[in-house]
1. Quick one: which residues, 5+ away or cross-chain, put their amide H under 5 Å from the amide H of residue B:96? H built at 1.01 Å from N.
2. At residue B:195, label 7 Å along Cα→Cβ: distances to the other copies, nm, ascending?
3. In whole Hz and in residue order, list the ³J(HN,Hα) couplings for the stretch A:204-213 that follow from phi through the Karplus curve 6.51 cos²θ - 1.76 cosθ + 1.60, θ = phi - 60°; x for Gly and Pro.
4. Pairs of Cα atoms under 8 Å, at least six residues apart: use those to get the relative contact order of the stretch A:18-88, whole percent.
5. Work through the residues other than residue B:151 whose Cβ is under 13 Å from its Cβ and net out their charges, Lys, Arg +1 and Asp, Glu -1.
6. Determine the sum of side-chain charges near residue A:176: Lys and Arg each +1, Asp and Glu each -1, restricted to other residues whose C-beta is under 13 angstrom from that of residue A:176.
7. Residue B:56 to residue B:195: extension gain in nm, 0.36 nm per residue of separation minus the Cα-Cα distance?
8. So if R0 is 35 Å, what FRET efficiency would residue A:134 and residue B:132 give, r being the distance between their Cβ atoms, rounded to the nearest 0.05?
There are 2 protein chains.
Amino acid sequence: MATGRTHRPATRSRGIPEATVARLPLYLRALTALSERSVPTVSSEELAAAAGVNSAKLRKDFSYLGSYGTRGVGYDVEYLVYQISRELGLTQDWPVVIVGIGNLGAALAGYGGFASRGFRVAALIDADPAMTGRPVAGIPVQHSDDLEKIISEDGVSIGVIATPAGVAQQVCDRLVAAGVTSILNFAPTVLSVPDGVDVRKVDLSIELQILAFHEQRKAGEEAEAEAEAAAGVVAASAPGVGAAATPGRKGTDRKGPDGDVPAVMPA
Amino acid sequence: MATGRTHRPATRSRGIPEATVARLPLYLRALTALSERSVPTVSSEELAAAAGVNSAKLRKDFSYLGSYGTRGVGYDVEYLVYQISRELGLTQDWPVVIVGIGNLGAALAGYGGFASRGFRVAALIDADPAMTGRPVAGIPVQHSDDLEKIISEDGVSIGVIATPAGVAQQVCDRLVAAGVTSILNFAPTVLSVPDGVDVRKVDLSIELQILAFHEQRKAGEEAEAEAEAAAGVVAASAPGVGAAATPGRKGTDRKGPDGDVPAVMPA
DNA sequence: GGATGTGAAGTCGTTCACAGCG
DNA sequence: CGCTGTGAACGACTTCACATCC
């Protein structure tokens, strides 16, 4: 995915699996909640339940960090909060810029989850001159002409892109050129970046499409036998997804998985 | 396994790996762009580049759907758009409700990427009476008292939760009880749902935390040798992550991965 | 010739089950 | 005894490399 992790010959124990890293924030959240309730210790079983994973996975994950538990007892909540925070780099604070202050950008600017985790919104940047100077979530929007200056002056290394897809790559290039090395991309485009820069993407419509896939399968499960016949019907009533959609099929035979219908997307 | 099309086994709609399903929307997006430029065919190499994956993976992914390419030529763009759309269930339209019309909910309501993919925002729901009737993105907000009625009348099976974390589980329970079987959760909580209900979560702060992890590691890579000493320094200047962070670690020796420092969270 | 489709090999991640320790 | 920490089995996904077919 995003700039596949370097296949470093894994120096010593510095090889925490990606999958584990992705779950650390989850554990941290659960632990923080426990901490607020002044719970002193948790077992892997309890914590796993709170984080929504199974306990074997959790123990394995923690084993990559070190031996932070006590056999027969469990984990010290405060201590673990600190260790995970440190591992994630949250013990320092990260200035972040958000580029593209539309609906989504504005929502992100006001999102409380950032500040509470050591992320500080250092600047909001938008290309629209009409936005310049206007405060969003208490922070004045700056014009994108000043992007490079803002990045370097604040020592920003993390950028959030919430622009339209069409300009996302340019914005990305400028961010990278100015020194940003981690990007969170909300624009529905594939960004290409040089080695050493990490990109993570969040695509709202992709998530819905994945849900739709499973949803469709559920519907078909009740009528297993009818599935075969249904395939033909569905194709015939296809509404079309892309821009222009007008059925029409040339005579070639296409072979699907099995009883598939050879219909084609029209021009 | 049998070559080409089998009759009964494997290749039904079943058996498509999750990882593949998650990439189908990516391919679809790239294909749609090609379609708009009236490109008739693509090779796996070209399409893979456009989607940001490697070509072997793409071909393997497509092989789960069927044999939709032509050797020596590539894939028919229009045909593939249709096949993937159908596989994802996008040839039908999915009414969606968004619950929690704050900053984020409002941004989602206005997000163009939904409508363009066969998702229709059937209703916006919020618990605040002051919001009721007010139009957001052209759709009037309805009060959450009517949640059940809205779901059942519109036959909604997909719900988006954009409420504060505190009420997300209750909202989820009501959605499920009313018939929703797929949920996209933006609230930073683990939702528990009965079997048969799918939940996908999008957590903005988690993504940033993952980036921070890698960012921190990049910084440490340049000064490999200093890493050891740095751990102590970092700990000393830890700003504190949770709410109440009162460490107070007992004097026991804790062993980290390697030369870990047993320092503790400062007050 | 040229690109697909796919076994086989390789890598990564999860789960099991139990030894080890408090 | 209870719970962590972990080798080993297992399973899922990725990559390789090439036979296959247009």
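1. Under 5 Å from the amide H of residue B:96: B:120, B:121, B:122, B:123.
2. So the label point of residue B:195 gives 4.9 nm to the other copies.
3. Working through the residues one at a time gives 5, 6, 5, 4, 5, 5, 5, 4, 4, 4 Hz.
4. With pairs under 8 Å counted, the relative contact order is 41 percent.
5. With Lys, Arg at +1 and Asp, Glu at -1, the net is -4.
6. Summing Lys and Arg as +1 and Asp and Glu as -1 gives -3.
7. 46.6 nm
8. 0.80
Read-outs: derived from the displayed coordinates by stated rules, not from any lab. Computed from a prediction, not measured in an experiment: that's the story for all the values here. Neighbour counts run over all protein chains shown; Cβ positions are idealised from the backbone, glycine included.
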